[in-house]
Amino acid sequence: MKTQVAIIGGGPSGLLLSQLLHVQGIQSVVLERKTKDYVLGRIRAGVLEQGFVRLMEEAGCADRLHAEGFQHEGTHVSYGDEMFRIDFVEHTGTPVVVYGQTEVTRDLYEAREAADGKLEFNVENVVIYDAETGAPYVEYEVDGEARRLECDFVAGCDGFHGVSRQTIPLDVRREYEKLYPFGWLGVLSETPPVNHELIYANSERGFALCSMRNANLSRYYIQCSLSDSPEDWTDEAFWQELKRRIPKEEADKLVTGPSIEKSIAPLRSFVTEPMQWGRLFLCGDAAHIVPPTGAKGLNTAASDVHYLYHALCDYYRDGTEEGINTYSQKALSRIWKAERFSWWFSSLMHRYPDQSEFDLKMQIADLEFLRSNRAAQQAMAENYVGLPY
Ligand code: APR
Ligand code: PHB
């Protein structure tokens, strides 16, 4: 089989890239290790920057997002019983859209299927060859049968555990990582959200986040120990702990109910450089991970897709290679800023096991500065709604 762009991984990055290329008349094949249902079963943050929304519009996939997504014009930050709001629209003129990543992925799958896009599921043993030459190819297996896909370019959209990043030789690749000494215990419940906007809470018992998927589906998180497992937490214990971490006025309004999903995620900051090797380009989680504070995971994947999509359009339309040659540099410049924001916001909101009294005072001073200083709020708002591409 032959195509223009071989896309490894059918998560949001791979699907969005494939659909955008299709709209521009560029062919691709998506190779996904799991099944569609498996990919759609993953629950992840659902806060979309405007840049992401525009890409979904360009991909022709934004109708449901516009109809069912919620525009949030600000967010709440609390510490102890104090709570303040950062107004995104006042500071940046831009809201964010709350729409679950599962729904984004579903919309992209529907569009690819409606356009008869080439998607292969259950692929195994993907190996990328000759990425450093002008004629790369990918070998893989489906049901034990060996297949070969020839292409002009390979897009590595295969997430943190994929093969694409590992294809870049170790003497070229440099990785930067920070692990955080806690996790997030998340609960999804069919209850109305406690507040119509998100609440990021710093409490002496640890971080909490009140988020949502829709008017009757709430998503809540509490900081937990990395040694905890979801079974250690009954629903009742979770709700009690959440109430103790958010301002009393909010806790009194919280509607609780049975959890329909409960899981623990570790927090990590990770970047690999470069994001390109010859004709292999990394996009999304394959190249970088952010801790979830600030919901930048999907949005950083989208900015990579934006740079790569434009580079490929320029290449196929005008034969220019400038975009292709500067992809890594452009993508990384934005990625590091999103890494900085997610790291800063995580550091501001969590309790660390080795935190000294002085560190705690710094955290509170930083929160009070954010609460009272317009420039600090503006910087927070600009980062939250998404820095320009
Ligand atoms: N071969 C084929 N497919 C693979 C391979 C492989 N060797 N390894 C992984 N995959 C698939 C995974 O099964 C997954 O569906 O690649 C896909 C990668 O999807 P994601 O992990 O969702 O990564 P990405 O598309 O970059 O999305 C980024 O998702 O992980 C969140 O927080 C992240 O919100 C961000 C967004
Ligand atoms: C979520 O809704 O899952 C969510 C929202 C905001 C975050 C992280 C997760 O910062």
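The values are calculated or read from the model by the stated rules, or taken from the named source; none is laboratory data. Bear in mind that the values here come from a model prediction, so they are computed numbers and not experimental data. Don't worry about glycine lacking a Cβ; one is built from the backbone with ideal geometry, like all the others, and counts go over all protein chains shown. To get the accessible areas, we keep the full protein, side chains included, count just its heavy atoms, and leave off ligands, DNA and RNA. Shrake-Rupley method; radii C 1.70, N 1.55, O 1.52, S 1.80 Å.
Does the stretch 63-75 contain any residue that is in contact (Cβ under 8 Å) with a residue 12 or more places away in the chain, within 27 Å of LEU217 (Cα to Cα), away from ligand 1 (no atom under 14 Å from the Cβ) and touching a Lys or Arg at 6+ places or on another chain (Cβ under 8 Å)?
Yes: one or more hits.
Can you give me the number of residues within the stretch 291-314 that are without any contact (Cβ under 8 Å) to a residue 40 or more places away in the chain and open to solvent by 20 Å² or more (accessible area, probe 1.4 Å)?
Matching residues across the stretch 291-314 total 2.
Show the residue pairs that are 6+ apart or on different chains and have beta-carbon atoms under 6 Å apart, the first residue being within the stretch 14-26 and farther than 11 Å from CYS61 by Cα, the second being among the aliphatic types (A, V, I, L, M) and surrounded by fewer than 19 Cβ atoms within 10 Å (Cβ to Cβ).
Short answer, once both residue conditions are applied: HIS22/ALA115.
Test GLN377 against the criterion of being crowded, with 23+ Cβ neighbours inside 10 Å and farther than 27 Å from THR102 by Cα, and give yes or no.
No.
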